[in-house]
Amino acid sequence: MKLAVLGATGGVGRHLVAHALADGHQVTAAVRDPTRLPVRHDRLTVVRADALDPDSLKPVIEGADAVLSGIGQAGRTDPLKPASTSARAAVTAMTAAGVRRILVVSAAPLNRTGTGQTVLAAKVFSPLLWAVLRDVYTDLEAMERVLRESGLDWTAVRPPRLTNRPGRGHYRHTVESGPPTATIPRADVARAMLDLVSDTRTFGHAVGVSG
């Protein structure tokens, strides 16, 4: 496939690029600073672009089979609201280009019902995280709302706490549920996103993923 990766220099984004190339895909990576992605490959095109600006994204997304975004909140009080702002930009550019498939990284605490999670996670840890990181999760909720209203074939991947441990190459996932465990390596979140690109059962859904 031809894949467009947004946030390609981020923690998940770098793994998206690496896994996609290893899988044999053609990758266009959108980055603000190309020097931060020191990867060279004959199937990789690095484009300087602002993922918060739909006009800047048009040459990145044009002709793509799917868009994968590793963009999240840069901080608890980031005024740019990058998750929701980038989602709006991507939806606008995708609609103009006729591209329908998009996958984004969200977060486990957005599973407000607690379905598929332990009582401790649902009743203790999730409310505590909301109290501390409300601005982050509010932005992610806005991102998911933008996608739900877009009419596109979207999937929001909701991992628990992300780690930098080496990826194991496998993970657990549940549609509109979970995740069942507390951590997952960033590399395995990227692996899950790529595996779910063509999984129509996840279209229009949030998916909990964990180690």
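The values are calculated or read from the model by the stated rules, or taken from the named source; none is laboratory data. Given the structure is predicted, the values throughout are model-derived calculations rather than measurements. Heads up, the Cβs are rebuilt from the backbone with ideal geometry, glycines too, and the neighbour counts pull from every protein chain shown. Just the protein is used for accessible areas: all its heavy atoms, side chains included, with ligands, DNA and RNA removed. Shrake-Rupley method; radii C 1.70, N 1.55, O 1.52, S 1.80 Å.
What strands (runs of 3 or more DSSP E), lying completely within segment 162-211, carry at least 1 residues that are surrounded by 20 or more Cβ atoms within 10 Å (Cβ to Cβ) and among the polar types (S, T, N, Q)?
Output list reads 205-210.
When you check A182 against the structure, is it small (G, A, S) and in contact with a Leu (Cβ under 6 Å, 6 or more places away or on another chain), yes or no?
No.
Which one is least open to solvent (accessible area, probe 1.4 Å) among residues in segment 14-37 that are of a type in the set (G, A, S) and in a helix (DSSP H, G or I)?
Looking at the filtered set, the residue picked out is A20.
Taking the conditions exactly as written (open to solvent by 40 Å² or more (accessible area, probe 1.4 Å) and within 20 Å of S198 (Cβ to Cβ)), does R43 satisfy them or not?
So R43 passes the test.
Specify the residue that is least open to solvent (accessible area, probe 1.4 Å); the eligible residues are those in segment 62-75 that are farther than 18 Å from L147 by Cα and at pLDDT below 95.
If we take residues in segment 62-75 being farther than 18 Å from L147 by Cα and at pLDDT below 95, then G75 is least open to solvent (accessible area, probe 1.4 Å).
Residue by residue through segment 76-125, note down the ones that are open to solvent by less than 30 Å² (accessible area, probe 1.4 Å), in contact with a Pro (Cβ under 7 Å, 6 or more places away or on another chain) and more than 19 Å from V175 (Cβ to Cβ).
Once the filter is applied, which keeps residues that are open to solvent by less than 30 Å² (accessible area, probe 1.4 Å), in contact with a Pro (Cβ under 7 Å, 6 or more places away or on another chain) and more than 19 Å from V175 (Cβ to Cβ), segment 76-125 yields A89, A93.
Could you grab the pairs with beta carbons closer than 9 Å, sequence gap of 6+ or different chains, first residue in segment 39-59 and touching a residue at least 40 places away in the same chain (Cβ under 8 Å) and closer than 11 Å to V5 by Cα, second one outside any helix (DSSP H, G or I) and of a type in the set (S, T, N, Q)?
These pairs meet every condition: A51/S69.
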